[in-house]
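Below: one structure, written as structure tokens.
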Amino acid sequence: MWIFVTMDFAQTRPGRQLKDRFCKELAKDGFTLLNRNTWVRYCTTLGNAQTHRERVKRLIPERSCVTLILVADKQCDYMYNHYGRRSRRKNAPEMPPTTDMIEFF
């Protein structure tokens, strides 16, 4: 069972401070940052997931929007992450190709 936490905080200085505090508490509870506003945590049982859900619920500050999504392992099998290419700067030096094997002399 996976718990996904997505959030939306006000884009003001106090809102960012609340978000930072909330994210630090998520990290203490074992969540991992998936992308900018999404945190994820694996739980072995539904009961364990409910416990973490209640913990997150107690952490939610006023005037914020936090969504918790519980997803079964089978559903996560069909989740894919795609990343775009990074653009290279002009005149950037070419990086040498990396070798997969360690060479012993």
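Table for the structure above
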| quantity | calculated |
| --- | --- |
| Region 27-55: number of residues that are on the phi < 0 side of the Ramachandran plot and touching a Lys or Arg at 6+ places or on another chain (Cβ under 8 Å) | 4 |
| Complete set of residues in region 56-76 that are in contact with a Lys or Arg (Cβ under 8 Å, 6 or more places away or on another chain) and farther than 14 Å from Lys19 by Cα | Leu68, Leu70 |
| Selection count, region 2-56, where residues are part of a strand (DSSP E or B), in contact (Cβ under 8 Å) with a residue 40 or more places away in the chain and either of a type in the set (A, V, I, L, M, F, W, C) or in contact with an Asp or Glu (Cβ under 6 Å, 6 or more places away or on another chain) (or both) | 5 |
| Number of positions in region 43-69 that are under 28 Å from Gln11 (Cβ atoms), in contact with a strand residue (DSSP E or B) (Cβ under 8 Å, 6 or more places away or on another chain) and either hydroxyl-bearing (Ser, Thr, Tyr) or surrounded by 11 or more Cβ atoms within 10 Å (Cβ to Cβ) (or both) | 9 |
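Bear in mind these aren't lab numbers, they're just calculated from the coordinates by the rules spelled out. Predicted model, so just to flag it, every value in this text is computed and none were measured. Note: ideal-geometry Cβ built from the backbone for every residue, glycine included; neighbour counts use all protein chains shown.
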